[in-house]
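The values are calculated or read from the model by the stated rules, or taken from the named source; none is laboratory data. On a predicted model such as this, the values are computed, not experimentally measured, just so you know. So basically every Cβ, Gly included, is an ideal-geometry build from the backbone, and we count neighbours across all protein chains shown. Note: areas computed on protein heavy atoms with side chains; ligands, DNA, RNA excluded. Shrake-Rupley method; radii C 1.70, N 1.55, O 1.52, S 1.80 Å.
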Amino acid sequence: QNPNNLYLANLDLPDSNNETLVGGVYKSDNAGATWKLAGLFGKLIYTVEVNPLKPSQVFAGLVEEGVYRSEDYGATWVESNDGLYNSNVSSVLVSPDNENILIAGTDAGLFVSTNRGNEWNQIYEGVVADVIADDNTQDHFAVVTRQGNVFDCTLTECQQTTSNKSLTQVSSDLLSTQ
């Protein structure tokens, strides 16, 4: 990956004339010195995730519109929502080992795709705040809900953890167990 290529999820951003640009994905090719619109102008973006195995592939999680995918560094975008409710997508995670595996955390639950976002299956129902990858395996990750609960998940199920540890300790333990 080129460390100079950065993406910004934008809900709204003032431009140099102090006018508000509403929504979109912005891209910098020079480590953030300058930014240009990469696409999805007018759409409210919660998160942007670049595929670590294929940097030309970018995913955007939107407010009430699910996930969009770009195969060309953000130049063009297509909806990637079959089986994914058009809900607020707060996090998108691409497996560090398998470019076909995606995880989407939404206000409707946790969804998994094993075919680059073409189809999604719900494995947890509830509001998801964040998804944390396990660097040791492609099919294990931690999920944090907006209520502060932590779940240990695979591609097919999630199990709530019970502990008096801090959220940071529990997340660290989850990621070191597999």
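So here's what we get for this one:
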{"quantity": "Some residue of the stretch 72-90 being hydrophobic (A, V, I, L, M, F, W, C), more than 15 Å from the chain's Cα centre (by Cα), in a loop (DSSP other than H, G, I, E, B) and surrounded by fewer than 16 Cβ atoms within 10 Å (Cβ to Cβ)", "calculated": "yes"}
{"quantity": "Residues within the stretch 26-53 that are part of a loop (DSSP other than H, G, I, E, B), of a type in the set (A, V, I, L, M, F, W, C) and open to solvent by 30 Å² or more (accessible area, probe 1.4 Å), tallied", "calculated": "6"}
{"quantity": "Test for ALA142: is it among the small types (Gly, Ala, Ser), open to solvent by less than 10 Å² (accessible area, probe 1.4 Å) and over 22 Å from LYS27 (Cα atoms)", "calculated": "yes"}
{"quantity": "Residues of the stretch 1-19 that turn out to be surrounded by 10 or more Cβ atoms within 10 Å (Cβ to Cβ) and modelled with pLDDT under 80, as a count", "calculated": "5"}
